[in-house]
1. Taking all protein chains as present, what is the carbon and sulfur share of the accessible area of the chain, in % to the nearest whole number, probe 1.4 Å?
2. Sorted from largest down, give the three principal axis spans of the alpha carbons of the chain, whole angstrom values.
3. In deg cm²/dmol and to the nearest 500, what is the mean residue ellipticity at 222 nm of the chain if only DSSP H runs of at least 4 residues count, each as -39500 (n - 2.57), divided by the residue total?
4. In square nanometres, what is one fourth of the surface area of the convex hull spanned by the alpha carbons of the stretch 39-104?
5. Does anyone have the angle between helix 182-192 and the longest principal axis of the chain? Alpha-carbon axes, 0 to 90°, nearest 10?
6. Which residues in the stretch 21-38 have a backbone N closer than 11 Å to a point placed 7 Å from the Cα of residue 180 along the Cα-to-Cβ line?
7. With every protein chain present, what is the per residue accessible area of the chain (1.4 Å probe, Å²)?
8. Have a look at the stretch 190-303 and give its Rg and Dmax from the Cα atoms, expressed in angstrom.
Amino acid sequence: MNEERNGLRVLVTGGTGGIGRRLVPVLLRYGYSIRLLVRSPLKATQLFLEGVELVPWRGEQELPGEVFAGISGVINLAGAPIARRWTAAYRQEILRSRVATTYALSRALCRLEGQRPAVFVSVSATGYYGDKGEQVCTENTPPGDDFLAQVCQQWEVAAWEAAPCVRLVIARLGIVLDRESGFLARLLPSFRAFAGGVLGSGAQWVPWVHWQDVVGFFLWALQTPTAQGVYNVAAPEPVRLRQMCQMIGQQLRRPCWLSIPVVALRLLYGGLADALCASQRAIPERALREGFRFRFSTLSEALQYELQ
Ligand SMILES: NC(=O)c1ccc[n+]([C@@H]2O[C@H](COP(=O)([O-])OP(=O)(O)OC[C@H]3O[C@@H](n4cnc5c(N)ncnc54)[C@H](OP(=O)(O)O)[C@@H]3O)[C@@H](O)[C@H]2O)c1
């Protein structure tokens, strides 16, 4: 059980996104106060009414020390959405919005004089591993070489720059399951319209994780002084995409009968198609070993919770 922390203040970037919208209310409930670095204060005001302080920030711009005043932990979620067509310009945006932002935070943390936040939690993704087929990926598995794998490596290098100055936790997130946002939310309309199916062969492994476990991991990382370094944040039992889609169909009492070939996906989404078909059998070896408990270990429990 996570402890309540009255009065501790957490700085969050990308807090208006799918994960941030889940994280911020839970942090508030646990007694943390929140300072959000946001590109659009108006959007943030519409999402979070009370207990959240907003600081406008364009991402890569240098951060003054005052932004960290009274901050005990930093959670870095910022990044341009992946699920768009990847033009050459958009690939640059995916990269820049993560790497430049993370360097700006790391460098600002190391420039601080006097008291620094105790912990910097920066996200990355299991996309780090590229397409590993049947291989089980632990935190020690070498990176892949596709575009997302390169983005994740550079993103993590930017975060490592803060390691000499604060306790650094890098969360390599799997595909976050949430009926409100992200991968699952995008699949649901086609299933509801009796047009559910798999992307590519369906044989690829999907490193899914329920949003409550992502939020739980962030709380654990904030509160566990020994947590440090890279963690796969994906449920202990990854599944193949075909199995996932069939289970979604069962939960919704809808068929899962379509199969969208990679060639068609490439026409629709460009390079994103290959990322959708990459196989990452990632397991959370370090988190389990160090005592983090997943609330949702099996996909059937997670989908039942989200879809019933
Ligand atoms: N959801 C998943 O399944 C998943 C899996 C693996 C990794 N991740 C990573 O986890 C992070 C959060 O995920 P999410 O699903 O919450 O993402 P999201 O819904 O796309 O939100 C990301 C947030 O990043 C900020 N942002 C967007 N475009 C930006 C840009 N061009 N430059 C700087 N900041 C920008 C926005 O916050 P403001 O407008 O408030 O600035 C936005 O709310 C992302 O970096 C994502 O890549 C997510």
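1. Carbon and sulfur: 53 percent of the exposed surface of the chain.
2. Answer, in whole Å and largest first: 59, 40, 40 Å.
3. Dividing the helical sum by the residues of the chain leaves -12000 deg cm²/dmol.
4. Approximately 5.5 nm², given one-decimal rounding.
5. Rounded to the nearest ten degrees, it is 30.
6. Zone members listed by number: 21-26.
7. I get 45 Å² per residue for this part.
8. Considering the stretch 190-303 through its Cα atoms, Rg and Dmax are 16.3, 48 Å.
The values are calculated or read from the model by the stated rules, or taken from the named source; none is laboratory data. Bear in mind that the values here come from a model prediction, so they are computed numbers and not experimental data. For neighbour counting, all protein chains shown are included, and Cβ atoms are generated from backbone atoms with ideal geometry for every residue, glycine included. To get the accessible areas, we keep the full protein, side chains included, count just its heavy atoms, and leave off ligands, DNA and RNA. Shrake-Rupley method; radii C 1.70, N 1.55, O 1.52, S 1.80 Å.
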